[in-house]
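What follows is a single structure, written as structure tokens, with notes after it.
The values are calculated or read from the model by the stated rules, or taken from the named source; none is laboratory data. Predicted model, so just to flag it, every value in this text is computed and none were measured. Because the Cβ atoms are built from the backbone with ideal geometry, glycine has one as well, and the counts that use them run over all protein chains shown. Ligands, DNA and RNA are excluded from the accessible area calculation, which covers all protein heavy atoms including side chains. Shrake-Rupley method; radii C 1.70, N 1.55, O 1.52, S 1.80 Å.
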Amino acid sequence: MKKLILYTICFMLSAVCFSQVVKSGESFINVPVIEGKVTFLKEIPSNKDISTEANYKILKEWAIINYGKDPFISSVRHDTKNNEFIAKSRIELLLPANSKGVREKMVMRYRINGFLFQDKCVLEVTDISYLYENQANDKLLPRVIRAEDFITDNALELNDNIQEFRVNTRKSTLYFLNEISKDFEGKFGH
């Protein structure tokens, strides 16, 4: 009986964790929180016509092209043993126009990890934070803002002076991640 209960609990937990995974051809539309962190997961089939080593080579090339060119913006590390890369990067997001017609900017820092797992290629984006330097809103926002405190569903429920700013930051974040996702899928021919 104890084993049955343990198996049921493990199955339910794994179903909850993996229900956040976006499959090939799908877009990010929500901001998933996994184990207390905003984590975006994209899973696509690896190329079955070639070896694992050849798939890893494609993954590594994609990482170098996107994260290995400018050390002032990003850094990338490769792990051939585990068929993965880990990169840290940043990008300046241009937010949609707010109700006053102003388009603000926000610097987003993030960690991106790509790896092969069985017959899948997985892209994970996590450790997202934002740097905000607008003098007019300095009293409203800290200089560094964690995604968990700013773009999640719970954060958007807060009814304060910066709710529109949160919504626009979320929209730009999702747009950027969907562009990365399309490029990633394109590299594998999907």
Can you give the accessible area per residue of the chain, in Å², using a 1.4 Å probe?
-> 61 Å²
State the three equivalent ellipsoid semi-axes of the chain, derived from the C-alpha gyration tensor as the square roots of 5 times its eigenvalues, in descending order and whole Å.
-> 31, 23, 14
Ignoring everything but the protein chains, give the 1.4 Å probe accessible area of Thr169 in square angstrom, nearest 10.
-> 0 Å²
For the chain, what's the relative contact order in percent, using C-alpha pairs closer than 8 Å and at least 6 residues apart?
-> 21 percent
FRET efficiency for Asp149 and Arg90, using Cβ-Cβ distance with R0 set to 25 Å, rounded to 0.05 | 0.85
For segment 78-190, which whole percent of the accessible surface, found with a 1.4 angstrom probe, sits on carbon and sulfur atoms?
-> 47 percent
Between Ala54 and Arg109, 0.36 nm times their residue separation minus their Cα-Cα distance comes to what?
-> 16.8 nm
From the P(r) of segment 52-149, can you give the percent of Cα pairs sitting at distances over 24 Å?
-> 37 percent
Set the Förster radius R0 to 30 Å, insert the Cβ-Cβ distance between Leu131 and Ser99 as r into 1/(1 + (r/R0)^6), and round the FRET efficiency to 0.05.
-> 0.80
Using only Cα atoms, find the angle between the long axis of helix 163-187 and the longest principal axis of the chain, and express it within 0 to 90 degrees, rounded to the nearest 10.
-> 30 degrees
Spatially proximal aspartates and glutamates relative to Lys48 (Cα-Cα < 17 Å; intrachain offsets below 8 disregarded) = Asp119, Glu185
With -39,500 (n - 2.57) per DSSP H segment of 4 or more residues and division by the full residue count of the chain, the 222 nm estimate, nearest 500 deg cm²/dmol, is -11000 deg cm²/dmol
Radius of gyration and Dmax for segment 144-186's Cα atoms, expressed in Å?
-> 12.3, 40
Loop trypsin sites (Lys or Arg not before Pro), segment 90-122, which have at most 13 other Cβ atoms in a 10 Å radius of their Cβ (DSSP) = Lys100, Arg103
